[in-house]
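The values are calculated or read from the model by the stated rules, or taken from the named source; none is laboratory data. Please read these numbers as outputs of a predicted model, since none were measured by experiment. Positions of Cβ are generated from backbone atoms using ideal geometry, with glycine treated the same way; all protein chains shown enter the neighbour counts.
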Amino acid sequence: MTAPHGYPSTIEIAADHPDWEINRDGHRHGPWHATRGETELAAKTPAGLPAELESQELARLQAEFIGRWRVWRTEQYWMATSLLDGVKPPLLEETPGALETRMRNPEGWDGRPLKGQEDAR
């Protein structure tokens, strides 16, 4: 989401990345920060923080679903192709959270825990 003034506000970034705590360090021109659990990201500009967040989310999804899904993104969509039998690929979503939800419960899945996700429920 881009604000009318050409760069996203803290509220707009937080709305697009609800799992992250978004803030500034208190200085008018200081760094922008995002925190989720033990992971902390920073950017010098408000436009840079969404790029950092998206890069982190892509790396997280790729690592978490390695061997089960091939995860990538385009400018507009988050996508995953199944490496599992019986799952109809590809998945296409507008947010990483929506894609993760679908990867955990994809169409074509027969209800049994997916290989490697037995303990994820």
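Table for the structure above
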{"quantity": "Odd one out for T39 among (1) at pLDDT below 85; (2) out of contact with any Asp or Glu (no Cβ under 7 Å at 6 or more places or on another chain)", "calculated": "(1)"}
{"quantity": "All positions within segment 44-60 that are within 15 Å of the chain's Cα centre (by Cα) and either in a loop (DSSP other than H, G, I, E, B) or under 16 Å from P18 (Cα atoms) (or both)", "calculated": "L49, P50, A51, E52, L53, E54, S55, Q56, E57, L58, R60"}
{"quantity": "Residue match in segment 63-81 (condition: modelled with pLDDT under 80 and surrounded by 13 or more Cβ atoms within 10 Å (Cβ to Cβ))", "calculated": "no"}
{"quantity": "Among (1) at pLDDT 90 or above; (2) surrounded by 15 or more Cβ atoms within 10 Å (Cβ to Cβ), the one test that E52 misses", "calculated": "(1)"}
